[in-house]
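The values are calculated or read from the model by the stated rules, or taken from the named source; none is laboratory data. Values in this document were obtained by computation on a predicted structure and should not be read as measured data. Here the Cβ positions follow ideal geometry from the backbone for every residue, glycine too, while neighbour counts run over all protein chains shown. Just the protein is used for accessible areas: all its heavy atoms, side chains included, with ligands, DNA and RNA removed. Shrake-Rupley method; radii C 1.70, N 1.55, O 1.52, S 1.80 Å.
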Amino acid sequence: MSTYPLVKFAFEVDWGGTKVGFQEVSGLNAEAALIEYRHGASPDFSKIKMPGLKTFSNITLKRGTFKSDNEFFDWFQTIQLNTVERRSITISLLDENGEPAVTWKVKNAFPLKVNATDLKAEGNEVAIETLEIAHEGLTIENN
């Protein structure tokens, strides 16, 4: 067992496209709705609380913009009326040896929004493009 927590800057994303390093991944959140209930014959004058349906945040992927690489937009273009190319996505936090230590598996993901980089004549930054995806489930595995 490692003495130190994992660093968050060593990760990889398998998104079904070219294996390009991502700069940032955010939105790996899951939440259960709260249901409150009280039946009329309850001797308690308060509600009981139960877990309801789970909801998952949209995930945002950011990476550098590369010449002749239009894959974010190409995937976004698969959206038609009631149809879209859905993908399984695997996000792995890597240990000091470059091996997956924690893995998030995303089910039935599809693109919602593509943002091209902003342009500044006086800027000194790398061009970054952003893809926001929706999905139908998130599982976490410790390897």
Exercise. Mind checking which of ASN108, ASN29, ASN82 has the largest fluctuation in a GNM of the chain, springs on alpha carbons under 10 Å?
Worked result: ASN82
For this session: Taking all pairs of distinct Cα atoms, average 1/r, flip it, and tell me the Kirkwood hydrodynamic radius of the stretch 36-89 in Å to one decimal place.
Result: 16.5 Å
Exercise. Which ³J(HN,Hα) values in Hz, rounded to whole numbers, follow from the phi angles of the stretch 90-100 under the Karplus curve 6.51 cos²θ - 1.76 cosθ + 1.60, where θ = phi - 60° and Gly and Pro get x?
Worked result: 10, 10, 10, 8, 9, 7, 5, 9, x, 9, x
Problem set entry | Square roots of five times the Cα gyration tensor eigenvalues for the stretch 9-58, Å | 44, 10, 6
Exercise. Where a ≥ b ≥ c are the square roots of the eigenvalues of the C-alpha gyration tensor, would you call the stretch 73-143 rounded, which needs a/c under 1.5, or, failing that, prolate if a/b is larger than b/c, or oblate?
Worked result: oblate
Seminar exercise, completed: Listed residues PRO43, PRO100, PRO51; largest mean-square fluctuation, Gaussian network over the chain with Cα springs below 10 Å, found at PRO43
Exercise. Each residue of the stretch 105-116 in order: what ³J(HN,Hα) in whole Hz does its phi give by Karplus 6.51 cos²θ - 1.76 cosθ + 1.60, θ = phi - 60°, with x for Gly and Pro?
Worked result: 10, 10, 9, 6, 7, 8, x, 10, 8, 10, 10, 6
For this session: Once you've got the GNM for the chain with C-alpha springs shorter than 10 Å, pick whichever of ALA116, ALA32, ALA127 has the biggest mean-square fluctuation.
Result: ALA32
For this session: Counting helices only, and only those DSSP H runs with n ≥ 4, report the 222 nm mean residue ellipticity of the chain as the sum of -39,500 (n - 2.57) divided by its residues, in deg cm²/dmol to the nearest 500.
Result: -1000 deg cm²/dmol
For this session: Quickly rank 117-123, 19-25, 129-135, 83-89 as a protection proxy: mean count of other C-beta atoms within 10 Å, highest first.
Result: 129-135, 83-89, 19-25, 117-123
For this session: Relative to the compact-globule scaling 2.2 N^0.38 Å, provide the ratio for the alpha-carbon radius of gyration of the stretch 1-109.
Result: 1.56
Exercise. Rounded to the nearest 0.05, what FRET efficiency do GLU36 and ASN108 have when you use their Cβ-Cβ distance and R0 = 41 Å?
Worked result: 0.85
Exercise. Counting only protein chains, not ligands or nucleic acids, how are SER46, SER57, SER68 ordered by accessible area (probe 1.4 Å), most first?
Worked result: SER68, SER46, SER57
Exercise. When the Karplus curve 6.51 cos²θ - 1.76 cosθ + 1.60 is applied with θ = phi - 60°, which whole-Hz ³J(HN,Hα) does each residue of the stretch 43-60 get, with x for Gly and Pro?
Worked result: x, 8, 9, 8, 8, 8, 10, 10, x, x, 5, 7, 10, 10, 5, 5, 9, 10
